[in-house]
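Participant: I'd like to ask some things about the structure below.
The values are calculated or read from the model by the stated rules, or taken from the named source; none is laboratory data. From a predicted model like this one, the values you see are computed outputs, not experimental measurements. Methodologically, a virtual Cβ is constructed for each residue, glycine included, from the backbone with ideal geometry; neighbour enumeration extends over all protein chains shown.
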Amino acid sequence: MNKITVVGLGPGDFRFLTLEALEALEKSEKLFFRTDKHPLVEDLYLRGISFESFDEFYETEETFEGVYEKIVETILNAALKTPVTYAVPGNPFAAEETVAMLQEATDAIEFIYGVSFIDAIVSSLKLDPVKGLSIVDGLTIDSVDPKGTSLIIQVYDRLTASRVKTVLMEEFPDGHEVIVIKSAGVTGEEVIDRVPLNELDHRSDFDHLTSLVVRPLGEHEGRRDWDDLIRIMRVLRSQEGCPWDREQTHESLKKNLIEEAYEVMGAIDEKDPVHLEEELGDLLLQIVFHGLIEEEMGFFDLKDVTHGISQKLIRRHPHVFGTQEADSSQEVEKIWEKIKGEERQRKFHEKMEDLSKALPATLRAAKVQKIAREAGFDWDDVRPALEKVEEELQEFKEELSSSDQEKLALELGDLLFAVVNVARLSKIDPELALDRTIEKFTRRFKFIEDASQVNSKPLEKMTLEEMDVLWNLSKKQNI
């Protein structure tokens with residue numbers, strides 16, 4: 001294959017075309033332009049430089065990927081017969097997908113650099129990239145950082161501008177200023193406008209030389225994010241912060257963590273997204289709290305936490321991030337168990353011992369039973385488990401007359417463990433089932449108490465039989 005020379009044409013003004021680039025264009029045996037929609041083209045024609053452009057591919061191909069593949073294929077085929085020069089706007093390494101594809105396809109390639117249109121924009125708007133500048137492709141944009149300046153390139157048309165606007169409005173208010181810059185660095189053609197975000201796609205003069213610049217939000221503008229939460233908590237834990245927050249430890253916060261987790265469960269049961277949003281925030285606060293305590297002690301920080309769980313997710317999903325296949329949740333669970341076993345290489349009783357003692361007893365019991373099932377120590381049907389409940393109930397009854405409270409407690413534990421087994425084999429979460437019953441009991445007891453007030457007879461003066469009548473009435477009313 002003959003050599004392919006990729007030339008950067010600069011942002012559009014002839015004064016930005018390097019002498020080396022001009023010489024390569026003039027001496028080229030076979031010259032291609034990615035597009036002839038470039039301000040430099042007229043000057044080159046006047047100098048007698050002729051070329052073929054690939055603009056027709058933008059009309060005939062359905063996707064940009066198709067356009068780029070067609071361009072690369074044409075260049076490679078031409079290079080089989082003669083040396084090729086391929087000219088692209090700006091710098092070959094700035095937003096030029098075809099250049100990257102050519103690099104992957106052949107080593108017979110050299111570059112003549114040009115001034116990037118990004119340099120022209122930075123100069124025209126007096127931006128300092130060192131202070132933070134994110135460059136985002138308008139064709140693929142899905143998010144922006146509202147805390148830094150963003151340069152959004154390749155805003156070719158009104159449709160692209162509309163998509164960009166939709167993404168920006170996730171982070172910025174409607175009236176946030178957006179700078180629209182066209183033909184940056186081209187003498188007599190450069191246009192710089194400032195428009196409110198909600199009017200961005202109202203204009204119709206977008207073209208291949210249009211870019212957008214979005215300045216960051218002020219310190220107290222916009223939505224708070226993960227980094228804000230951590231920063232706020234660091235302030236609260238500092239010497240200039242809050243004495244209560246500063247005094248908290250893992251031990252003092254343990255009960256808060258459990259309570260907040262249960263509050264989340266309650267919000268889920270209520271099917272109230274507003275309440276759930278609030279409770280998830282409270283739970284997240286507890287995670288950040290514990291992470292910062294460890295960070296202060298020097299053992300790990302929150303980045304270690306997010307890195308660890310990210311690595312675990314990738315490792316435990318080889319059917320997504322690797323080569324394994326899984327077509328059902330059951331197959332996924334088998335993969336997980338295999339991977340977890342390889343990670344820890346523990347005996348079954350060690351798995352049981354490693355379960356957190358802070359788990360609710362019913363949840364811990366169900367997990368122990370699942371581990372026993374892995375070893376084959378389990379029933380396949382719920383009926384034998386029900387018989388076990390009856391057996392344990394009988395043993396508990398026999399100990400009721402005993403004065404040995406310790407033994408009675410053990411028998412009650414056996415009975416509860418057997419009930420959890422029935423729940424597990426019936427595919428019922430015992431913790432949630434018990435929680436629903438508690439809620440039901442509370443509602444019915446409220447009914448009794450309300451009824452006692454209507455009858456002007458306090459609960460304390462009612463007999464058990466009278467309360468039982470009201471209890472049965474609440475059941476009939478499906479309370």
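Participant: Name the residue, out of ILE109, ILE141, ILE121, that is within 22 Å of VAL67 (Cα to Cα), crowded, with 16+ Cβ neighbours inside 10 Å and over 30 Å from the mean Cα position of the chain (by Cα).
Facilitator: Selected residue: ILE109, the only one of ILE109, ILE141, ILE121 that is within 22 Å of VAL67 (Cα to Cα), crowded, with 16+ Cβ neighbours inside 10 Å and over 30 Å from the mean Cα position of the chain (by Cα).
Participant: For ASP435, are the conditions met, namely being surrounded by fewer than 14 Cβ atoms within 10 Å (Cβ to Cβ) and charged (D, E, K, R)?
Facilitator: Here the answer is no, as ASP435 does not meet what is asked.
Participant: Please enumerate the residues belonging to region 383-410 that are closer than 18 Å to GLN369 by Cα and surrounded by 15 or more Cβ atoms within 10 Å (Cβ to Cβ).
Facilitator: Listed by number, the residues that qualify are ALA385, LEU386, LYS388, VAL389, GLU392.
Participant: Here is a further query. Mind checking which helices (runs of 4 or more DSSP H) fall wholly inside region 256-328 and carry at least 2 residues that are closer than 21 Å to ASP228 by Cβ and either in contact (Cβ under 8 Å) with a residue 60 or more places away in the chain or not β-branched (Val, Ile, Thr) (or both)?
Facilitator: Of the helices (runs of 4 or more DSSP H) lying wholly inside region 256-328, those with at least 2 residues that are closer than 21 Å to ASP228 by Cβ and either in contact (Cβ under 8 Å) with a residue 60 or more places away in the chain or not β-branched (Val, Ile, Thr) (or both) span 273-297, 302-315.
Participant: Moving on. Please verify whether region 290-310 includes one or more residues that are within 20 Å of the chain's Cα centre (by Cα), hydrophobic (A, V, I, L, M, F, W, C), modelled with pLDDT under 90 and loosely packed, with under 14 Cβ neighbours inside 10 Å.
Facilitator: The answer is no, given that none of the residues of region 290-310 is within 20 Å of the chain's Cα centre (by Cα), hydrophobic (A, V, I, L, M, F, W, C), modelled with pLDDT under 90 and loosely packed, with under 14 Cβ neighbours inside 10 Å.
Participant: Could I ask something else about it? Which helices (runs of 4 or more DSSP H) does region 397-479 wholly contain that include 1 or more residues that are in contact with a Leu (Cβ under 8 Å, 6 or more places away or on another chain), under 30 Å from PHE377 (Cβ atoms) and modelled with pLDDT under 90?
Facilitator: Result: 430-454.
Participant: Residues to consider are HIS176, HIS208; find the one that is more than 30 Å from PHE64 (Cα to Cα) and surrounded by 13 or more Cβ atoms within 10 Å (Cβ to Cβ).
Facilitator: On inspection, the qualifying residue turns out to be HIS176.
Participant: Pick from region 25-42 the residues that are surrounded by 14 or more Cβ atoms within 10 Å (Cβ to Cβ) and more than 47 Å from the chain's Cα centre (by Cα): which of them is nearest to ILE75 (Cα to Cα)?
Facilitator: LYS30
Participant: Quick one: is LEU200 surrounded by 20 or more Cβ atoms within 10 Å (Cβ to Cβ), at pLDDT 95 or above, out of contact with any Phe, Trp or Tyr (no Cβ under 8 Å at 6 or more places or on another chain) and within 21 Å of PRO11 (Cβ to Cβ)?
Facilitator: no
Participant: What number goes with the only condition from (1) without any contact (Cβ under 8 Å) to a residue 60 or more places away in the chain; (2) more than 40 Å from the chain's Cα centre (by Cα) that THR85 does not pass?
Facilitator: Failing condition for THR85: (1).
Participant: Please give the strands (runs of 3 or more DSSP E) falling wholly within region 20-119 in which 3 or more residues are among the hydrophobic types (A, V, I, L, M, F, W, C), touching a Phe, Trp or Tyr at 6+ places or on another chain (Cβ under 7 Å) and not assigned by TED's automatic domain parsing to the domain that holds HIS208.
Facilitator: Because the criterion is at least 3 residues that are among the hydrophobic types (A, V, I, L, M, F, W, C), touching a Phe, Trp or Tyr at 6+ places or on another chain (Cβ under 7 Å) and not assigned by TED's automatic domain parsing to the domain that holds HIS208, the strands (runs of 3 or more DSSP E) in region 20-119 that meet it are 31-33.
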